[in-house]
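Readers should treat all values here as calculations from the given coordinates under stated rules, not as data from a laboratory. Everything numeric here is computed off the predicted structure, so don't read it as measured data. Cβ placement follows ideal geometry from the backbone for every residue including glycine, while neighbour counts extend to all protein chains displayed.
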Amino acid sequence: MSKIDQLKKLLERKIMILDGAMGTMIQKKKLNENDFRNERFKNHKNNLYGNNDILNLTQQKLIYEIHTLYLNAGADIIETNTFNSTKISQADYNCEDLVFELNFEGGKIARKAVDDFLNKNPDELKFVAGVLGPTNRTCSMSPDVNDPGFRNTSFDDLLGDYEVCVNALVKAKVDIIFVETVFDTLNAKAALMAIKNVEKTSNIKIPIMISSTITDLSGRTLSGQTVEAFYNSVMYSEPLSIGLNCALGPKELEPYLIELNRISETYVSVHPNAGLPNAFGGYDETPESMAKFVKEWCKSNYLNIVGGCCGTTPEHIKMMSKTTNNENPRELKTQSNKLRLSGLEPFSF
């Protein structure tokens, strides 16, 4: 059975659990600059503190332990620690030449954590999702309000960047490629094209998950699209799931989850923040309070995949796993033959 068929079969009978935040767990360790550098980058000319992805090379045991905590909490899908493992994002640390290695090692650590868990729990099914983050640049908008035509990256640059990442993650034997926290759909399309290019050159089929981020209560992505417009823009890639994550807590994200549930003809995922950041930069949603939202979403038949983003911990994921246990997953809608187009708004003919 192919990986896609295996995932679909599982999604038909249960709500799958995605893991929680990586950054929250790393912050709890109170690492310093030397911890990020370790011996390998002892003489690196740039500061590396805050470059969580470099820990795939310098603190592999720590990343492995975090993955294992989420597996033990009930997560079915473990995300690689590769959110910023692109040349564009690593340029801030002068680490562009490490991109393949960051993704490969990030994938290997997550793969080992899952394989070790399955050796002890052979009756379970767990998966590794190789993460492609959005980068810190936007392809469809100018970063300079005085020059609307200016771009600080290009589609071709993003495409080449993402192809390196996808190739490394595939070589590390991830099960899924997850294009997440999408704030600019053009960036996401570069990632999706990179996946398709690797599929073609490697003669493989890769399960794809996509998750957008609604940046504020306007209900739009940063590049201005509504939920349905975004959906129309990316469904050509035939993703396993489409979802929402980050920026908002469960209360604020709920209306957009309802909207996605209304239109989606594929599986739906959601992994919100543990609330909006408070005055101290922390997150106030407890495992119990987030589980209440998840319970209602289960009863309303909104969910196929659920997990946590910024501020969530293994305790949050454990409560979500308990809450969704024995709950029925969202039923897929009948495929329609509508012509779905989009700009900032959707158009279905």
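Within the stretch 121-214, the chymotrypsin sites (Phe, Trp or Tyr not before Pro) that combine a DSSP coil assignment with at most 13 other C-beta atoms in a 10 angstrom radius are Phe150.
For Val270, nonlocal amide neighbours, meaning residues 5 or more places apart or on other chains whose placed amide H falls under 5 Å from its own, are Leu244, Ile305, Val306, Gly307. Among Phe100, Phe349, a tally of other beta-carbon atoms within 10 Å of each Cβ gives an order, fewest to most, of Phe349, Phe100.
In order along the stretch 308-324, the Karplus-derived 3J(HN,Hα) couplings, from 6.51 cos²θ - 1.76 cosθ + 1.60 at θ = phi - 60°, round to x, 10, 3, x, 8, 9, x, 5, 4, 5, 4, 5, 5, 4, 5, 5, 7 Hz, and Gly and Pro are given as x. In the chain, taking the dipole from charged Cβ atoms about the Cα centre, the farthest positive-side position among Ala75, Pro250, Leu98 is held by Ala75. Ranking Phe41, Gly282, His271 by Cα position along the charge dipole of the stretch 3-348, where only Lys, Arg, Asp and Glu carry charges on their C-beta atoms, puts His271 farthest toward the positive end.
Counted residue by residue at 0.36 nm each, then reduced by the alpha carbon distance between them, the extension gain from Phe349 to Asn146 reaches 69.3 nm. Within the listed set Lys108, Lys126, Lys200, the residue fluctuating most in the Gaussian network model of the chain (springs between alpha-carbon atoms under 10 angstrom) is Lys200.
Counting neighbouring beta carbons within 10 Å and listing from fewest to most, the residues Val198, Val128 come out as Val198, Val128. Projecting the Cα atoms of Leu7, Leu62, Phe183 onto the charge dipole of the chain (Cβ charges, centred on the Cα centre) puts Leu7 farthest toward the positive pole.
Residue separation times 0.36 nm, minus the C-alpha to C-alpha distance between Leu332 and Ser300: what's the value?
Values: separation 32, 0.36 × 32 = 11.52 nm, distance 1.37 nm.
That works out to 10.2 nm of additional length.
The distance linking the stretch 73-147 with the stretch 266-284 is 19 Å (Cα centroid to Cα centroid, whole angstrom). Averaging the sequence gap over all C-alpha pairs within less than 8 Å and six or more residues apart, then dividing by the number of residues, gives the stretch 3-348 a relative contact order of 19 percent. Legend: calculated FRET efficiency, Ser202 to Asp123, from the Cβ-Cβ distance at R0 = 41 Å, rounded to 0.05, equals 0.85. Amide H contacts under 5 Å for Ser342: Phe347, restricted to partners 5 or more places along the chain or on a different chain, H placed in the peptide plane at 1.01 Å from N.
If you filter the stretch 1-101 for GluC sites (Glu not before Pro), then keep DSSP loop positions with at most 11 other Cβ within 10 Å, what is left?
Values: sites: Glu12, Glu33, Glu39, Glu65, Glu79, Glu96, Glu101; in loops: Glu39.
Counting only loop positions with at most 11 other Cβ atoms within 10 Å, the GluC sites (Glu not before Pro) in the stretch 1-101 are Glu39.
The listed peptides 40-46, 70-76, ordered by packing as a protection proxy, come out as 70-76, 40-46 (highest mean of other Cβ atoms within 10 Å first). Phi angles of the stretch 33-38 translate, via the Karplus equation with coefficients 6.51, -1.76, 1.60 and θ = phi - 60°, into HN-Hα couplings of 4, 5, 5, 5, 6, 6 Hz per residue; Gly and Pro are given as x.
Across the stretch 34-133, the relative contact order, built from alpha-carbon pairs under 8 Å that are at least six residues apart, equals 32 percent. For the chain, DSSP calls about 15 percent of its internal beta bridges antiparallel. Here's how it looks for Glu180: its modeled amide H is under 5 Å from those of Leu132, Ser211, which are all 5 or more places away or on a different chain.
Based only on other Cβ atoms within 10 Å, what is the fewest-to-most ordering of Glu265, Glu228?
On the way: Glu265 14, Glu228 19.
So the residues, fewest neighbours to most, are Glu265, Glu228.
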